[in-house]
Structure formats: structure tokens, C-alpha cells
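As C-alpha cells, the structure follows; a few thoughts come after it.
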Amino acid sequence: MQEEIVRIVFGEAETANVWFYAEIVFRTLVMYLYTIFLARMVGHDAIGQIGPFEFVLVIAVGSAAGDPMFYPDVGLLQGILVITVVVLLHRATGALLARSSRVESLVEGDPLLVVKDGRVVEEALGSGALSLRELLALLRVESVRDVGEVEAAYFENNGKLSVFRYPAEKAKRSRSTEPLRTQR
């Protein structure tokens, strides 16, 4: 019975040593950084309403919490160590982001200018971040009927659109945001 409790807490005998726990910390650090890199490559639309930083936290903690639950060779202490290291990395990264706008830009990304002076910035689209169809849908959510109403719009890191409208007297007709099927 005592042997089983030791195995459950520490894992299999061959992995229940200080060197393996140091290896877990190293592996966690590498996977954390690599996952942030991949999340940045995937782009805003694939991640949704959270940034790559939070996405990595959710994935890492979920995986670390799940492994000891159903892999008998993964001890509870190993899972707890991974979660602890991930949370500490998250806190350290958060502190670094608060102190350095350059690091924040690297990790979280920058807003993308998608409408300027009532025109869609075509070069900003198709880079994997946002398509024209998605942009028009986001503009409709903001009650924009025509792109010409918009002085500037930014696709934010969280997947939302920030819209700065022209005053009503300066708005012009440019491109309807209505879906093609509903246009008359």
C-alpha cells in the first residue's frame, strides 16, 4: 500500500529523483517558450478572445493537470511541479511585459491597421491574421454600413476591432459591409 502511494505521488521509481525533476523544469521552460512562439505564428483569429500569452497558460496547465490523472507513470508531484513552473513563468513573463513594451510587442503582438481613411488596407489582410470577409463582419458588429464611415480601424491582439469613425458630415461611400447576398 505504501509503495502504491509513493508511486502515485512521485511517479515510477526510475523517474522519482531530483535530476528528473530538474529535467521537468527544463522541459517545461522549453515547451512554454515554444508554445508562445507557435501561438504568435497561428495569429489572433485562431486563438480567439485571449492573447497568445493566456492561450499558452491554458494549454500548459490543462496538459499538466491531465497527465497525472490518467498516466500511471506520471506522479502527482511531477504534474504539480509542471503547473507550478508554468504559473511562475507566466508571472515572470507578465512582469517582463509590464516593464518592456518591446517584449510585450514580441509576445502579444501589435494591433494591425486594417482600415485607413475610409479604405481597407489590403496589404494587412491575407497575412493569416484577418480576411476581408472577417473584417467586414467585424465592421458590421460595430454597426458600420460602409467602410467609408471609418477613419481608422485596428484589429487588436484579442481578436476585436477598434473602430474610429469620421464625424457624420465627413463620412463617404466606399465599400458596403453588407454580405453580397443581401445587397440590393
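Observations
- Unit charges on C-beta of K, R, D, E only; dipole of the chain, Debye: 1080
- Taking only protein heavy atoms and a 1.4 Å probe, the accessible area of the range 54-184 is 57% carbon and sulfur.
- Accessible solvent surface per residue of the range 99-170, calculated while the other protein chains remain in place, 1.4 angstrom probe, Å²: 60
- Among [x] 160; [y] 149; [z] 98, the entry that matches volume of the Cα convex hull per residue in Å³ as calculated here: [y]
- Backbone geometry of the range 102-110 corresponds, through the Karplus equation with coefficients 6.51, -1.76 and 1.60 at θ = phi - 60°, to 3J(HN,Hα) couplings of 5, 5, 4, 5, 5, 7, 8, x, 10 Hz, x marking Gly and Pro.
- For residue 114, residues with placed amide H under 5 Å, excluding near neighbours: 153, 154, 155
- Highest-MSF residue in the chain out of 164, 37, 53 [GNM, Cα springs under 10 Å]: 164
- As a calculated quantity, the FRET efficiency between residue 100 and residue 6 at R0 = 35 Å, using C-beta atoms, amounts to about 0.20.
- Extension gain (nm, one decimal) between residue 15 and residue 67, 0.36 nm per residue minus Cα-Cα: 17.2 nm
The values are calculated or read from the model by the stated rules, or taken from the named source; none is laboratory data. These figures come from a predicted structure and were not determined experimentally. Neighbour counts are summed over all protein chains in view; Cβ atoms, including those assigned to glycine, are modelled from backbone coordinates with ideal geometry. Calculation scope for accessible area: heavy atoms of the full protein, side chains included, ligands and nucleic acids excluded. Shrake-Rupley method; radii C 1.70, N 1.55, O 1.52, S 1.80 Å.
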